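The structure appears below as structure tokens.
The values are calculated or read from the model by the stated rules, or taken from the named source; none is laboratory data. What you see is a predicted model, and the numbers here were worked out from it, not measured in a lab. In this analysis, Cβ positions are derived from the backbone assuming ideal geometry, glycine residues included, and neighbour counts consider all displayed protein chains. Remember, those area values only see protein heavy atoms, side chains included, never the ligands or the DNA or RNA. Shrake-Rupley method; radii C 1.70, N 1.55, O 1.52, S 1.80 Å.
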Amino acid sequence: MRTTIKLDAKKLEQIRLEKGYSIRKFEIKSKVSRSTIIRLEKGVGTAEKYTASKLAKALGVSMEDLQWWN
């Protein structure tokens, strides 16, 4: 069973932009597809834990920093 995490879409985009990363640069750095990044930044669906980990590492933050807390 895969573990998924709901990410805070606005925070994900905000941190990416603060780092000065375009979608393309973030795709290369994180090794996550452009379509997945765009989908997550729009708040559509969830990310697998592995994907969330790669995004967080590329941004220099923890997965908890990106997680959406209801």
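Cross-link candidates for Lys6: which lysines have Cα within less than 18 Å, leaving aside residues fewer than 8 places away along the same chain?
Lys42, Lys49, Lys54, Lys57
Can you give the accessible area of Ile15, probe radius 1.4 Å, in Å² rounded to 10?
Counting only protein heavy atoms, the figure is 20 Å².
May I ask you to evaluate 6.51 cos²θ - 1.76 cosθ + 1.60, the Karplus curve with θ = phi - 60°, for each residue of region 52-59 and list the ³J(HN,Hα) values in order in whole Hz, giving x for glycine and proline?
Calculated HN-Hα couplings, in order: 4, 5, 5, 5, 4, 4, 5, 8 Hz.
Per the 1.4 Å probe, what fraction of the accessible area of the chain, in percent, lies on carbon and sulfur atoms?
49
Within the chain, report the trypsin sites (Lys or Arg not before Pro) that DSSP leaves as loop and that have at most 13 other Cβ atoms within 10 Å.
Those satisfying the criteria are Arg2, Lys31, Lys42.
Just read off the accessible area of Val44 with the full protein assembly in place, 1.4 Å probe, to the nearest 10 Å².
Here the accessible area works out near 80 Å².
Please list the non-local residues whose amide H lies under 5 Å from the amide H of Trp68, H modeled 1.01 Å from N, same-chain partners needing a gap of 5 or more.
Long-range HN contacts for Trp68: Lys6, Leu7, Asp8.
To check my understanding: the extent here is largest minus smallest coordinate of the Cα atoms along each principal axis. What are those three numbers for the chain, in Å, largest first?
Principal-axis extents of the chain (Cα, largest first): 32, 22, 20 Å.
In square angstrom, what is the accessible area per residue of the chain with a 1.4 angstrom probe?
67
Of all chymotrypsin sites (Phe, Trp or Tyr not before Pro) in region 12-70, which ones are in loop regions per DSSP and have a Cβ with at most 11 other Cβ atoms within 10 Å?
Working: sites: Tyr21, Phe26, Tyr50, Trp68, Trp69; in loops: Tyr21, Trp68, Trp69.
Answer in residue order: Trp69.
With a sphere of radius 14 Å drawn around the Cβ of Tyr50, what net charge do the other residues whose Cβ falls strictly inside it have (Lys, Arg +1; Asp, Glu -1)?
Working: positive: Arg2, Lys31, Lys49, Lys54, Lys57; negative: Glu48.
Overall, the nearby charge balance is +4.
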